[in-house]
Amino acid sequence: MAGEYLAANGIDLDAEMAKTQFEHDFANKAAQHIKTRAPPPQYSDVYPSGPLRKIVGVRLPHKPPSTLWDISIADGKIFAIDSHASNSHDIGHNPSVLVASGRLLAPSLCHAHIHLDKCFLLQDPKFADLQIEDGDFEEAMTLTSKSKSRFEEDDLLRRGRQLIEESIHFGVTVMRAFVEVDEEVEFKCLDAGLTLKKEFEKRCEIQICAFAQLPLFSGDDGGEEIRKLMTAAAHREGVDVIGSTPYVEEDEVKMKMNVRWISMMALFNNKPLDLHLDYHLDQSREPMIWSVLEIIKGRNWVERNGKSITLGHCTRLTQFSADDWQRLKEEIGELPVSFVGLPMSDLFMMRTESGVRGTLPVPEMIEKYGLNAAIAVNNVGNAFTPQGNCDPLSVASLGVAVYHAGSNKGAEVLYECVSSRAKAAIGCPAASLNLAVGDEADFVLFDRINVGWRCRKSIKEAVYDGGQSRQTIRNGKLTTY
Ligand SMILES: [Zn+2]
């Protein structure tokens, strides 16, 4: 009956039921496919993007805000910088021309130091029971260690992918990502890091640092197992950097053994070295930095073409006198040493009993002592750094207050600390704020079109408040939409 009624109204019930069955089967198959499919589609499959030939009508750092410029790009580099030709025939619907309409263009951003494997632990539902109560270093180590015992490929990829996506959105084109290697996680974090490095290779350069966060010489077996794992990791294809954390060893002798062993690994494998060093504010303890420089010099690092050495945290150095800084500059000499300050984490984690905080005085180290230094995010969403996001500029912004760097020059140094100086600290080519022909076409474009007088017109304004809406260009190609 119903069939006749529906047929009279132009509806074929059999056909409708067959269609419903088909949709049901299709949905089942799709669900099955989602369950069994491997990685998600590559970004480039979804948003094909050819190289940009020109970016027209940009504001540039160090140029009067009233002037606009056209950047020509060839082979991933700046080919020409000309005054903006407002009547250019290129403007319009040419997909290789990006119309900037007065937005500020600056060199892209860089994470000189970010932990890829332990990001978003406080937000991910899988680790929801592991929340901060005390907020101290011991608790952060305990919570992270409990989380690590649950790490699996799916959550490592999910969290890491999120961090990289958000970072690209903020203007990042290159990062040094730490992935831990130890008896608990073995190569899980490293494998996930290497997978993500490959997945994002067209959009972001990811340097993978195989990292011993746990002691290499303390513990029940004297560190034998972790050293075996680190040795194997150092030989893995795709591992770019070797790193360790001497301060976690149980005594000073073992800290030095840690530095000797890991520096030897870096030198023999011809890879850069990254140490997380002197992460305390205890004035009674001799800073490890002096031993590190002595050990590295003893290896004839420069003569043997040793790669770059990057030293993170180093909060103990905040108690240095002017003489100590001067001595540091002299002892470094020709060694390719850079420091990375991590104020987001340091200010949360590091305080003396009397409440004094400490983070490396990075602008002063650069301007007063001529040291190579940068600042970085370090951790996102974990017990070491619960606050903040994946935006390197947010650290520069915090730096305005922490280092009292509100002037034009002060803000520009802070921008360099998350851009050119950060890239240099991890051994990458780095364009300065004076963009020039031949520089890499790796940029960040601030704001959306038509935000009027609120648009960022200078680096200083971008450091004060970087805003949320940006476009990123790497190698002359858009990596965000
Ligand atoms: Zn770190």
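The values are calculated or read from the model by the stated rules, or taken from the named source; none is laboratory data. Please read all numbers here as calculations on a predicted model, not as lab measurements. Every residue, glycine as well, gets a Cβ built from its backbone with ideal geometry; the counts of neighbours run over all protein chains shown.
Here are some notes:
- One residue from Ala85, Ala80, Ala112 being in a loop (DSSP other than H, G, I, E, B) and in contact with a strand residue (DSSP E or B) (Cβ under 8 Å, 6 or more places away or on another chain): Ala85
- The single residue among Ser108, Ser101 that is away from the ligand (no atom under 16 Å from the Cβ) and on the phi > 0 side of the Ramachandran plot turns out to be Ser101.
- Within segment 123-149, considering residues that are part of a loop (DSSP other than H, G, I, E, B) and not charged (D, E, K, R), the one surrounded by the fewest Cβ atoms within 10 Å (Cβ to Cβ): Ser149
- Just one of the listed residues (Ser338, Ser345) is in the same structural domain as Arg285 (by TED's automatic domain parsing), within 16 Å of the ligand (Cβ to nearest atom), under 14 Å from Arg421 (Cβ atoms) and among the polar types (S, T, N, Q), and it is Ser338.
- Residue tally, condition more than 21 Å from Ala374 (Cβ to Cβ) and in contact with a helix residue (DSSP H, G or I) (Cβ under 7 Å, 6 or more places away or on another chain), over segment 427-464: 1
- Residue in segment 150-157 that is in a helix (DSSP H, G or I) and either touching a residue at least 60 places away in the same chain (Cβ under 8 Å) or not acidic (Asp, Glu) (or both) present: yes
- Of all the criteria given as (1) within 16 Å of the ligand (Cβ to nearest atom); (2) at pLDDT below 95, the one not satisfied by Gly222 is (1).
- Considering residues of segment 299-333 that are in a helix (DSSP H, G or I) and among the β-branched types (Val, Ile, Thr) only, the residue surrounded by the fewest Cβ atoms within 10 Å (Cβ to Cβ): Thr318
- Leading residue by the ranking (nearest to the ligand (Cβ to nearest atom)) among those in segment 158-183 that are part of a helix (DSSP H, G or I) and crowded, with 20+ Cβ neighbours inside 10 Å: Leu163
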